[in-house]
Amino acid sequence: MRKPAGQRWPQIWGPRLWMLLAFAVVLLIYRVWLIGHSGISLFFDEAQYWDWSRHLAWGYYSKPPMIAGLIWLSTKLFGSGVVGVKLMTMLLYPVTALVMVGFARALWPTSSGVRTGVVAGALFLTLPMVGALGLFASTDAPLLLCWTVAGWMLWRAQVTNRMAYWVGVGLACGLGLMSKYTMAAFALTALWTLWAVHGPRRGLMRPGPWVAIALALLILSPNLWWNAHHGFPTLQHTAELTTKSGRNGGLLSALEFAGGQLLMLGPVVVVAGLWLAWRQRRALGQTPVAPRSQWANSSQVMPPSQWAHSTLGSAPSAAGTEARPVARTSAYYLASVSSRRYLWAMSLPLLLLALGQALYADANLNWAAPGMIGLTLLLATLLSPPLVPLAAPRPHRWLVVMLGGNLLLTGLVMHARDLSTAPLPHQFDAMWRMRGWQEAFADLAPALDDPVVAGLPVLADQRVLVTQAAYNWRSHGVKTLFWNPKGTRNNHYELTQSLPDRVGPDVLLISNSPQPDAITQRFAIVRHLKSTVVPVSSDRKIELHLFFLRGFLGYTQQSYMEQSGTQPDSRSAPLLTP
């Protein structure tokens, strides 16, 4: 039976959503073009994730398995080229923008609320954070999507207490945890919501929250099993990463992190948002009130509430009269006040945790990336208020300024090399770490066709060399090994691909040193095959040297003696051949 007009959800699909979808497609096409135009290869992390995707497992040393699964699917659909590896995760950003529209409709169930979601989606797609992360296959892409879906589901679960939404919370959180453990910080948002957002019931004394927790843990359980089987390397790595760093933290580190978060939103967006917030605060005053809107007399009102005391009776007064404060238990208060507090709760806890981490032991800028979801929706409410008539005036020019400012900033950063007439220092090239790898390994590749060395495994003592060799020489089907004389387990390749301490094997060595004596002295015969140097900026270059090493003598002289039965001084130096 058709619902009465006042009980219908506002329509999502319409011209505005199609415009957002077209905008997302244009940006995606541009970013795919930029990858080819810039000539970049895979970043170290991407090459590592691609290598993982060839050996699917329920966990890896430093990350849960979602990113490897996404890249496996991406390469099956789009090939193993640079774009093929990246494309699946690049698609998740437009999907997240579309999900934000549904999230906005749940927070503000009006036609204006849907429009707010469209504005939020467009703003999200232009954030410098997305402009940078959107070029890479990273764990942040599925994390941001799962964080957004979890926020949507948690809001609906709390205000309706329907089991289907609690199941949605569990699914989103479980998949988020399988993407990146940062998803665990969503628990802080959930705990606040269970008591602070009014609904049929509050707190933990009900089945819904526990079903969500159980389902999230069930989804995570294969990764926990993998960690237990391998000595919990991912959990240890995460703990070490958050307690130790390349720098020592401190006030300067915290200030740099805070400034970085503002840059991730965009300087123009931050300044414009503060101005609009100040202007709105002056207009509305300090007390939460119900501004004039179509809430009471429009056909696009909230679906039926499940609790009798939360009605629309506290909606604004008739047009032309002064708006009055609303009851905290009313549905209108839920949409006008609780929703905004909820978005702050989705952002501030994670931002404060990351800021504390930066103060204690440094933090990467993307560690608080999910916090941008709530902030983006809050900014959208300033540009397109969700509880006003569709015909009400809005700051259209500010929206154009924000979107244009972010696109201009991102474009200048990504095209700095194109705009410069002279080679730039690496500090001015955001993609310098991804340049030169294809050319360097392509220059060395002909040496792999030598019948003497064809099919030999490739040895390296740096993860970046192992992963780049595996990817850029993938057509040769090379097997990679990691030099690990101390037998440590401090990265994925030490854990799974260490060169065994057995006398005899021959290998190819790839090194950025022309004289890697620590390695070559443990082989009987050493032959230099080829070297290459590829400039990537005015002050950086990739230098690689390829060696043929014959007759591994073990990591130590004692190991060699035990396995071969020779005397200690029977070999003093490797035999070098041209």
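At a glance:
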read-out: Helices (runs of 4 or more DSSP H) lying entirely in region 349-458 (those with 3 or more residues that are modelled with pLDDT of 85 or more, open to solvent by 60 Å² or more (accessible area, probe 1.4 Å) and charged (D, E, K, R)); value: none
read-out: Region 139-178: number of residues that are farther than 19 Å from Pro349 by Cβ and assigned to a helix (DSSP H, G or I); value: 16
read-out: Residue selected from region 481-497 under the condition modelled with pLDDT under 95 and under 30 Å from Gly79 (Cα atoms), by the criterion most open to solvent (accessible area, probe 1.4 Å); value: Thr496
read-out: Leu154 vs. criteria aliphatic (A, V, I, L, M), within 25 Å of Arg31 (Cα to Cα) and touching a Gly at 6+ places or on another chain (Cβ under 9 Å); value: no
read-out: Residue count for region 116-138, restricted to those that are open to solvent by 10 Å² or more (accessible area, probe 1.4 Å) and either of a type outside the set (Ser, Thr, Tyr) or in a helix (DSSP H, G or I) (or both); value: 7
read-out: Residue in region 39-47 that is open to solvent by 20 Å² or more (accessible area, probe 1.4 Å), modelled with pLDDT of 95 or more and not assigned by the TED database to the domain that holds Val534 present; value: no
read-out: Matching residues in region 73-98 - criterion: being of a type in the set (Phe, Trp, Tyr) and farther than 17 Å from Asp140 by Cα; value: Phe78
read-out: Residues located in region 59-78, provided they are modelled with pLDDT under 95 and either surrounded by fewer than 17 Cβ atoms within 10 Å (Cβ to Cβ) or among the small types (Gly, Ala, Ser) (or both); value: Gly59, Ser62
read-out: The lone exception for Tyr493 - which of (1) assigned to a loop (DSSP other than H, G, I, E, B); (2) of a type in the set (Ser, Thr, Tyr); (3) in contact with a helix residue (DSSP H, G or I) (Cβ under 7 Å, 6 or more places away or on another chain) it fails; value: (1)
read-out: Criterion violated by Gln462 - all others in (1) over 21 Å from Thr556 (Cα atoms); (2) touching a residue at least 40 places away in the same chain (Cβ under 8 Å) satisfied; value: (1)
read-out: Any chance Leu544 is open to solvent by 20 Å² or more (accessible area, probe 1.4 Å), in a strand (DSSP E or B) and of a type in the set (A, V, I, L, M); value: no
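For (1) within 23 Å of Leu28 (Cβ to Cβ); (2) of a type in the set (D, E, K, R); (3) in the same structural domain as Thr182 (by the TED database), each residue gets a yes or a no:
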{"position": "Ala354", "(1), (2), (3)": "no, no, yes"}
{"position": "Ala363", "(1), (2), (3)": "no, no, yes"}
{"position": "Pro370", "(1), (2), (3)": "yes, no, yes"}
{"position": "Ile373", "(1), (2), (3)": "yes, no, yes"}
{"position": "Trp398", "(1), (2), (3)": "no, no, yes"}
{"position": "Leu403", "(1), (2), (3)": "yes, no, yes"}
{"position": "Pro423", "(1), (2), (3)": "no, no, no"}
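The values are calculated or read from the model by the stated rules, or taken from the named source; none is laboratory data. Remember, predicted model here, so these are calculated numbers, not experimental data. Cβ atoms come from the backbone with ideal geometry, glycine included; neighbour counts cover every protein chain shown. Heads up: the accessible areas ignore ligands, DNA and RNA and are worked out on the full protein's heavy atoms, side chains in. Shrake-Rupley method; radii C 1.70, N 1.55, O 1.52, S 1.80 Å.
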